[in-house]
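The values are calculated or read from the model by the stated rules, or taken from the named source; none is laboratory data. Being a predicted model, the structure only gives us computed values, none of them experimental. All Cβ positions, even for glycine, are placed from backbone atoms using ideal geometry, and neighbour counts span all protein chains on display. Calculation scope for accessible area: heavy atoms of the full protein, side chains included, ligands and nucleic acids excluded. Shrake-Rupley method; radii C 1.70, N 1.55, O 1.52, S 1.80 Å.
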Amino acid sequence: MVRFVFTEADAAGQPIRNQKFEISLSGLQSKWIDHPSNDVDLCIFPIGPLHGYAAQQGKKLFYSTLTSRDLPAPDEVAELQAMEDIVMIGYPNGIWDAHNNQPIIRRGVTATHPALDYEGRQEFLIDAACFPGSSGSPVFLYNTNGYLTRSGAMTMGAMRIKLLGILYAGPVYNAKGDIVVMNQPALAKPTAVSPIPINLGVVIKASQLAAFDTLLQTMIASQPRGAP
């Protein structure tokens, strides 16, 4: 079962703090759409059905949106340095502010250059505290008081926030305990192996989201005229 927890919005579209509206997919038709490439671990869910369901209940949903203007252009990515400040917004280990319906914000830096394809894939690494539950977190380039480009140009006092990608994985190492076998029969215990994050995350580049635009346009064009 998938559960969406929205903050309700007032008539002006502003959030009503501490007032939440929950929607379970068990009562809706699932419309998850996978990325057209099997090598890209992304999917989307059109929000229209959720709007419709909330409206039937007399509720208005509050949410923020991102557009293509919030993604860095290729020339902007080329001007980034190898180590840039980033923030990641998500739910590490399922932790969130349930009372205010707020996610957790983590800070870090890029660990490989966002312009390069890590291991030949449309991905890059970040150095941040990544845990189970962080998958799906948007990763933003985050400068609040100016920044320095790769070519050495300094922009003073400017804010720069761009969606660099979506976290989906992270390397771990195993803490493996000693094997101890007791003399008594049937008391041999299996080895305990625990995965431990090493504070690195693998991020799918935001440019991969463009494939959904093409896919959605094709789906819309294929619908009969007048279909919902």
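Amide H neighbours of THR112 under 5 Å, counting only residues 5+ apart in sequence or on other chains, H built in-plane at 1.01 Å?
For THR112, the qualifying residues are LEU125.
For GLN81, enumerate residues with amide H under 5 Å from its amide H, sequence gap 5+ or separate chain, H modeled in the peptide plane.
ARG150
Using the Cβ atoms and a cut-off under 14 Å, what net charge is assigned to the surroundings of CYS130, where Lys and Arg are +1 and Asp and Glu are -1?
Charge balance in the 14 Å sphere: 0.
Report the net charge of residues surrounding ARG107, where surrounding means a beta-carbon distance below 14 angstrom and charges are Lys +1, Arg +1, Asp -1, Glu -1.
-2
Would you grab the residues whose amide H sits under 5 Å from the one on ALA169? Only those 5+ places off in sequence or on another chain, please, with H modelled 1.01 Å from N.
Residues meeting the criterion, in which the H sits 1.01 Å from N, are VAL202.
How would you order 125-137, 33-45, 105-117 from highest to lowest mean count of nearby Cβ atoms within 10 Å?
So the peptides 125-137, 33-45, 105-117, ranked by packing, come out 125-137, 105-117, 33-45.
Decide, for the range 78-164, between rounded, prolate and oblate: order the square roots of the alpha carbon gyration tensor eigenvalues as a ≥ b ≥ c, take rounded if a/c falls under 1.5, and otherwise choose prolate if a/b is larger than b/c, else oblate.
Since a/c reaches 1.5 but b/c is at least a/b, the shape of the range 78-164 is classed as oblate.
At a 1.4 Å probe radius, which order do LYS31, LYS205 fall into by accessible area, largest first?
Order by accessible area, largest first: LYS31, LYS205.
Would you list TRP32, TRP96 from the most to the least accessible area, probe 1.4 Å?
Values: TRP32 105, TRP96 85 Å².
Accessible-area ranking of TRP32, TRP96, largest first: TRP32, TRP96.
Can you compute 3J(HN,Hα) from phi for each residue in the range 206-220, using the Karplus curve 6.51 cos²θ - 1.76 cosθ + 1.60 with θ = phi - 60°, rounded to whole Hz and x for Gly and Pro?
4, 4, 6, 5, 4, 4, 5, 4, 4, 5, 5, 4, 5, 5, 5
From the phi of every residue in the range 76-84, what ³J(HN,Hα) in whole Hz does the Karplus formula 6.51 cos²θ - 1.76 cosθ + 1.60 yield, where θ is phi - 60° and glycine or proline is x?
Here the 3J(HN,Hα) series is 5, 5, 5, 8, 6, 8, 5, 10, 10 Hz.
Taking a cut-off of 27 Å, what percent of all Cα-Cα pairs in the chain are separated by more than that?
49
Taking all protein chains together and a probe of 1.4 Å, list GLU119, GLU22, GLU8 from the most accessible to the least accessible. Numbers along the way, then the final one.
On the way: GLU119 130, GLU22 95, GLU8 15 Å².
Highest to lowest solvent-accessible surface, that is GLU119, GLU22, GLU8.
Give, as a single signed number, the net charge of other residues whose beta carbon lies under 14 Å from the beta carbon of GLN81, with Lys and Arg counted +1 and Asp and Glu -1.
Here the count lands on -2.
Round to a whole angstrom and tell me the spacing of the C-alpha centers of the range 105-120 and the range 1-62.
Each part's Cα centre sits 29 Å from the other's.
Considering the dipole of the chain built from charges on the beta carbon (Lys and Arg +1, Asp and Glu -1) around the Cα centre, which of ILE161, PRO171, PRO15 is farthest to its positive end?
Result: PRO15.
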